[in-house]
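Values quoted throughout were computed directly from the atomic coordinates according to the rules given, and no laboratory measurement underlies them. These numbers come from a predicted model, not from an experiment. Every residue, glycine among them, receives a Cβ derived from its backbone with ideal geometry; neighbour counts consider all protein chains shown.
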Amino acid sequence: MIWVGMHLKDGTKMLHMQFRANKDTKHLGVEEFLKALRQYCIPFTSKETLWNEFQAICQMLNGRTLLIQDIANKIKQYQMQLPRISN
């Protein structure tokens with residue numbers, strides 16, 4: 001892992017130094033460092049992160065736990081069954 005630090009600069013180099021100095025992560029390899037780097041570089045509001053969080057939401061319906069996308073589909077089905085309201 002030492003060779004990785006030679007090719008880094010700025011914030012990435014600082015993150016690598018912290019990664020190597022931390023007693024919990026200093027024994028980890030390049031792959032784990034790259035995962036930490038990805039979390040550091042990709043904002044928590046990225047579409048992928050938000051989509052994964054959305055996919056994990058569950059809600060109770062009639063005593064059953066359903067994924068939020070199933071609930072959204074049910075709402076859409078109910079919406080299609082309602083008569084269209086005009087101005």
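When only the Cβ of Lys, Arg, Asp and Glu is charged (+1, +1, -1, -1), the dipole of region 16-87 relative to its Cα centre reaches about 120 debye.
Under 5 Å from the amide H of residue 25 lies no amide H of any residue 5 or more positions distant or on a separate chain, with H modelled from the backbone and absent for Pro and chain starts. What are the lysines whose alpha-carbon lies under 30 Å from the alpha-carbon of residue 13, with same-chain residues fewer than 8 places away excluded? Filter leaves 23, 26, 35, 47.
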